[in-house]
């Protein structure tokens, strides 16, 4: 996407002040909110691409209590809640580096830690320099003011076509934490001792490792639909991720991020491509299909 457009979109979001609360499987409520519209029958939802959402434990229990044959957005909003969500914040940046499908700028949506994490990080590890965290690669597109970044999504946005390609979802912090969990003595840039390191890492990984990817994709879908007002999303498959971005197969990211995760959110393999990749349509359809998601109201 054009860098000027990315800069304009960055200016839309109050930096570091947009809250995004998340708890496990909240994405099901966020997706249902967009597909039930003023009202949809349960039977229609079961026949739609979003049928799997109805089998999520919270949703299934809620439907059993609801007892009705139709649900509306107000029903979904009322059911969406948890007494102890993770209170993340969102911020925006841009990426002009490698591994972009078009060799152009990407918009970056950053999912930043909740306040409780950053407080515990400072108290236990006592970082000696804010600009040299042992959990951050300096060249990666993390938030540079305010809270630390848990994960980010890179996006190629076409406002005219109403389409977004999710280029990647990535996390440095937890990957480095898993490394230091095996080698706590290797951690640098902190004043905290080895036992404090172990205490922090054990708490961190138990709290965020299982939920970070779905929280990041949920935030991305929310941002694309609520802030950008777009309904059509594409997501790389393992094949398209490697072939269209020129990634060496031995350096490809975890397959689960490009298989299990999009399917969890009801993305489906598609022969369609974003308009800005129309020139590569035959190559993509034949060798490297994408996933697609259309956030439209299901037929009532």
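The values are calculated or read from the model by the stated rules, or taken from the named source; none is laboratory data. None of these values were measured; they are calculated from a predicted model. Positions of Cβ are backbone-derived with ideal geometry, glycine not excepted, and every protein chain shown enters the neighbour counts.
Counting only residues that are in a helix (DSSP H, G or I) and either over 13 Å from residue 166 (Cα atoms) or in the same structural domain as residue 31 (by TED's automatic domain parsing) (or both), how many does segment 245-272 have?
8
Could you list all residues from segment 191-222 that are assigned to a helix (DSSP H, G or I), touching a helix residue (DSSP H, G or I) at 6+ places or on another chain (Cβ under 7 Å) and under 16 Å from residue 171 (Cβ atoms)?
201, 204, 205, 208, 212, 213, 214, 217, 218
If only one of 104, 153 is within 16 Å of the chain's Cα centre (by Cα) and closer than 26 Å to residue 248 by Cα, which one is it?
Being within 16 Å of the chain's Cα centre (by Cα) and closer than 26 Å to residue 248 by Cα holds for just one of 104, 153, which is 153.
Between 30, 13, 5, 86, which is under 25 Å from residue 230 (Cβ atoms) and at pLDDT 95 or above? Break it down stepwise before answering.
Details: 13 fails: at pLDDT 95 or above; 5 fails: at pLDDT 95 or above; 86 fails: under 25 Å from residue 230 (Cβ atoms).
Matching residue, one of 30, 13, 5, 86: 30.
Collect the residues in segment 73-112 that are without any contact (Cβ under 8 Å) to a residue 40 or more places away in the chain and surrounded by 15 or more Cβ atoms within 10 Å (Cβ to Cβ), keeping them in residue-number order.
75
Within segment 238-254, is there a residue that is over 13 Å from the mean Cα position of the chain (by Cα) and either under 20 Å from residue 52 (Cα atoms) or at pLDDT 95 or above (or both)?
no
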